[in-house]
Structure formats: structure tokens, C-alpha cells
1. Within the bounds of the range A:69-81, is there any residue that is more than 14 Å from chain B (Cβ to nearest Cβ), assigned to a strand (DSSP E or B), in contact (Cβ under 8 Å) with a residue 24 or more places away in the chain and surrounded by 20 or more Cβ atoms within 10 Å (Cβ to Cβ)?
2. Is the range B:30-48 home to any residue that is outside any strand (DSSP E or B) and within 14 Å of chain A (Cβ to nearest Cβ)?
3. So is A:V52 β-branched (V, I, T), part of a helix (DSSP H, G or I) and out of contact with any Cys (no Cβ under 8 Å at 6 or more places or on another chain) or not?
4. Report, by residue number, each residue of the range B:70-114 that is exposed (fewer than 15 other Cβ atoms within 10 Å of the Cβ), of a type in the set (S, T, Y) and in a helix (DSSP H, G or I).
5. Tell me, which residue of the range B:150-183 that is among the acidic types (D, E) and in contact (Cβ under 8 Å) with a residue 60 or more places away in the chain is surrounded by the most Cβ atoms within 10 Å (Cβ to Cβ)?
6. Please determine, by comparing only the residues of the range A:16-28 that are surrounded by fewer than 18 Cβ atoms within 10 Å (Cβ to Cβ) and within 14 Å of chain B (Cβ to nearest Cβ), which one is nearest to A:E210 (Cα to Cα).
7. Quick one: which helices (runs of 4 or more DSSP H) sit completely within the range A:117-212 and have at least 1 residues that are within 14 Å of chain B (Cβ to nearest Cβ) and on the phi < 0 side of the Ramachandran plot?
8. Go through the range B:140-182 and give me each residue that's part of a loop (DSSP other than H, G, I, E, B), farther than 23 Å from B:I210 by Cβ and more than 14 Å from every other protein chain (Cβ to nearest Cβ).
Amino acid sequence: MKDKIKLALCQISSKRENKAANLQKIEELTKRAKQKGAALAIFPEMSLTGYVLHDQVYELAEPITGSSVQQMENLAKKTKMHIIFGMPELCENTKATIYNTSVIIGPRGLIGKYRKMYLPTHSVFEEKRYFRSGHEPAVFQTDLGNIGLTICYDVFFPEVFRLSRLKGAQLLVCISASPAVRRSYFEILTAARALENTAYLAYVNLSGVEDGLQFWGGSRLLSPTGDVLAKGKYDEEDFVLCEVDYTDLRTAEAFIPTLRDLRAELFEKLKQYSELL
Amino acid sequence: MKLTPNVLDMDFSTVEKRVCRFIKEYVEKAGAQGIVLGLSGGVDSATAAALSSKAIGGKNVLALMLPEKETFKRKDIEDAQTIADQFQLETQTIDMTDVLKSFYQRIPAFDPVDRLCKGNIKARTRMILLYFYANKQNRIVCGTSDKSETMMGYFTKWGDAAADIAPIIDLYKLQVRKLACHLGISEELALKPSTPALWPNQLAESELEINYETLDLILYGLERFMKSKEIANQLDLDLTIVDKIKKRWISNEHKRRMPLPAKLGFRTVGNDFRLPRHTY
């Protein structure tokens, strides 16, 4: 594994319900990322289909073995790139059980997937109406380091990121479809999740407007001490190249020893009190 | 949370940018040739017109000026024309007097003393004219309702609330006034007392029986899930005033929705049939 890897934060506006157009855009940007020396291209939550789908999600969801993932696998093989993107994933064993999923693909094909654990169902969000919650954090050992996948609203729940970190994640990747009125929360929380876990955090948000809902972009790479190392434009599409240097993890862990100071007994209490809430 | 006037402060540059993007994106995705809106000479329509102009260019925005004899005020027409000139809008003036007269004469149950029924005919006639131009010229109708009047149900069902987009519907009246100034609209027009112009000398604040400075803070508190008592205490108001506003807000929800559907099928229009507005 290399100490340093170059990432491309591909802050796109997805064309809603138009997988072909979105796949084409993903392909173009992945090739561009490759040309610029990046090894990993990251796309937003539900970038395959757009985010505001309502009942159309039943038509657009496809299994992880479906044609879109196959197309992405071919792209990753051809370009020798790693790609992370979001899609509505149809569960293989059912006809209409869908997950909000982040998929990671490498030059040798599918590496894995993460099914969003925290589904926002308040304000303008109606994810529980359509999606089943995931049950497991997901961390994958890759040629680019240990990568932990998370999605959007998960960022409000430190335990998701902590679990990923404890499972070995060095780079936390949070793909997102966050509307503009929530920008300040995400700017605070992404930095907090990176800092408290002393891990890199790549946050990639949608841009553009879907059904009047405006996504704020602002994708970023946070250092293990919570510093913004690179940042995309607000509100519009952007392509941001940045670099992760894993040697910084040791420095950060030593300087802010949150992992050393973890107290497992508190997690028992957390569980206990959560059940009483 | 402290309910002080500054809770209504916003970064109006960001608001302008977001609303303009919202308008531009919708017009493009709808495949429309432009926008049509009613320009009354009041702050709401002036602000919606200014934003539309900034979003898609004034030449693509048709402002209808729709005077009628009973509520005619030269000052309103002058103010509307000032906005049209300032933001380089296309304009069309249609005197509604004869159209309205025909309506009145041909409705057997028409009662000139019943000003609400009569006034609502005016609001709905304006809507008909706006949608005529929308159909004829492939435009979308830009609504000009603000959050204060919409929450209060202070509008005509299928009249002034009928539109394809509502760019300022999430801004309270005081915020619209500030946005208007930010957009370069004169302070005189921005602070002009609001009227739906359904009958002579009609004033919004008199009819609502509260000034916007107080109303907007009450509504802001309700929006933020505050309880009536807490709002009344903070604003030093009688609880009955806040409760009255709250009741009016809730009881007017029917005006803000599609017709109540009788649920019979699997998925029902206006209920659990949930589809995106447009497929692109």
C-alpha cells in the first residue's frame, strides 16, 4: 500500500432518473481523474439515479449484480481506478426491498458495498418510506488503504464512524445528498468525525437542484486533525483533486489520542440509555 | 431560542443566488420559454419579478398589469411600471373591468355587497389571464405569495396562490421587504403597505389584525415548533393572540393542498402517489 494516494472528489449534479447520462458523466470524470493522477474517484449519494425519486425508486433500483455496477466494474478495470458511488440497491432475495447503498469498485471488480444505516425521515426526507436500513459498518482493505464507507445522515451519528475506525478504516468516505439549508451542520460534523477518529474523511456531496431541493456541494477532504485540505465549490458541479498522506495518521493519533483513550464501558452505558430513551 | 427581530435576518446574497438558481433550473427543465407573473405594484410581486429577471433575463419575463376600475390606483401602476423598467421586463396591461362586469352580470346569485365572493372573482380572473399567457407563450406562472400570507391562508384558493413555482413562499413578509431592498427595489416600494386589492382600501395588516413585525415572529416561532405560551411570553403578548394566529394557520391547511382525495385504490393522486414533478 502506498503512503500517499490522490483522490478526485467528483461533485456532480445527477440527471434524475437517467442512469445512462449519469453513468456517462461518471465515466468521463473517472477518466479525467485517472489522467490527473488520481487512484480513487468518489461520486455522491444516489449519483447513479439522482436523489429525489419518490415512488420511481422502485423502477430504478437494481441489484449489486445489475448492469450499472457491471458497467462501473468495466470502467474500473479499463482505467485501473477505484470508484465509489451511490445507488438504490435492490436486495437480491426480494422484489422491492431497497437499500441506499454506497458501492466501492476497484480494478479487479466489485470490492464491496455499504448500506446506509441512518435513514433520514423528517423535514424534506422520506428515506424510511422507501429504504431498509443497513445493519453493518463497512470497511474494506484495498490497494489504497482501509476505506470505510458511510452515507450522508450517518454523519450525525458518531458511532457509525467510530465503528468504521475501530474496524480499521484510515480513510472514511461519506457520500451525500445534503440540501443547502443543512450546510452548516455538515461543515461542522464532517470535521468533527475526522478529528474525533483521527482519520481522513472525504465528503462528496451532490450539487444542483432536484424538485426544488438544492444540494450545496462543498465536497471536501478533512485531515485526521479536522482541517479542510481541499474543498469544492458551493452549489455547483466541481472536480477536486486532493491527496491523502497516511503517514499523517500516526502524528494525529499521537497528538490527539482519542483511540487510546476510548473507554469501552461507556459504550455499554450508551446502549443502556439509548434503550431507555 | 429568543424571538427577537434578528431571527429573521438572512444572508440575502445567498438567498438571491439560491432562488435565482431555483427559477432558472425549473424554467429550463420544464422546457418553458419564460415566465409570466402578475405585477401589482406591491413588494411581493416586485421581488418575484426582480428575481425572475435576474434568473432568466428580463426579456423572458412577462409582467401582466391587471388593473380594474374598483381598486384602481395610479400609484400602483406607476410602481409596477418602475419595476418593469428597472428589471427590463416585458409588460402587458389588461384592464379587467369589463371581464369582471360580465362575470358579475351573468351570475344569478351574485351579490355586490358580498365583497369576499366578489373579490375572489378578481383574484381568479387574474389567474385565468396569467395561465392564458402561460399556455399561449409556453411560459410558467411565477407565484408571488410570501410565507406570512400563505401560512395565514390570506389568499384566494386557486386565485393568487395558483402558480407553477413559488420562489418567495419560504420568506416572511419582513424578509421579502429586506430582500427587495437588497435587489435594488426602492425602500418606498419595499415598505409599502400590502394589499391583495380585492376591494377598495383593503390593507393586509388591518384585515389580519396584527402588524407584520409581530405576526412574522409568531409564525417563525410556530415554524420552529415553539408552543403558543412560550411565544406569547417572549413577545409579551396575550396568549389569545398567539392562539388565534396558530388556529388560523392550521385551519387553512386545506387552502395549501390539492383537493382531499377519497382513498379507494392502491395508490392515490394527492395522497400516496408520489412522483417527481418532472422527468427530465
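The values are calculated or read from the model by the stated rules, or taken from the named source; none is laboratory data. Computed from a predicted model, the values in this text were never measured in an experiment. Please note: Cβ atoms are built from the backbone with ideal geometry, for glycine as well, and neighbour counts cover all protein chains shown.
1. Our first condition is that a residue be more than 14 Å from chain B (Cβ to nearest Cβ); within the range A:69-81, this holds for A:69-81.
If we keep only those that are assigned to a strand (DSSP E or B) as well, we get none.
No, the conditions are met nowhere in the range A:69-81.
2. Yes, some residue in the range B:30-48 is outside any strand (DSSP E or B) and within 14 Å of chain A (Cβ to nearest Cβ).
3. Working: β-branched (V, I, T): yes; part of a helix (DSSP H, G or I): no; out of contact with any Cys (no Cβ under 8 Å at 6 or more places or on another chain): yes.
Considered against the rule, which asks whether it is β-branched (V, I, T), part of a helix (DSSP H, G or I) and out of contact with any Cys (no Cβ under 8 Å at 6 or more places or on another chain), A:V52 comes out as no.
4. Answer for the range B:70-114, where residues must be exposed (fewer than 15 other Cβ atoms within 10 Å of the Cβ), of a type in the set (S, T, Y) and in a helix (DSSP H, G or I): B:T97, B:S102, B:Y104.
5. Kept after step one, since they are among the acidic types (D, E), are these residues of the range B:150-183: B:160, B:164, B:170.
Imposing the further condition that a residue be in contact (Cβ under 8 Å) with a residue 60 or more places away in the chain reduces the set to B:160, B:164.
On the way: B:D160: 27, B:D164: 19.
Among residues in the range B:150-183 that are among the acidic types (D, E) and in contact (Cβ under 8 Å) with a residue 60 or more places away in the chain, the one surrounded by the most Cβ atoms within 10 Å (Cβ to Cβ) is B:D160.
6. A:N18
7. Details: elements: A:127-130, A:158-166, A:183-197.
Those helices (runs of 4 or more DSSP H) span A:127-130, A:183-197.
8. Within the range B:140-182, B:W158, B:A162 meet the criteria.
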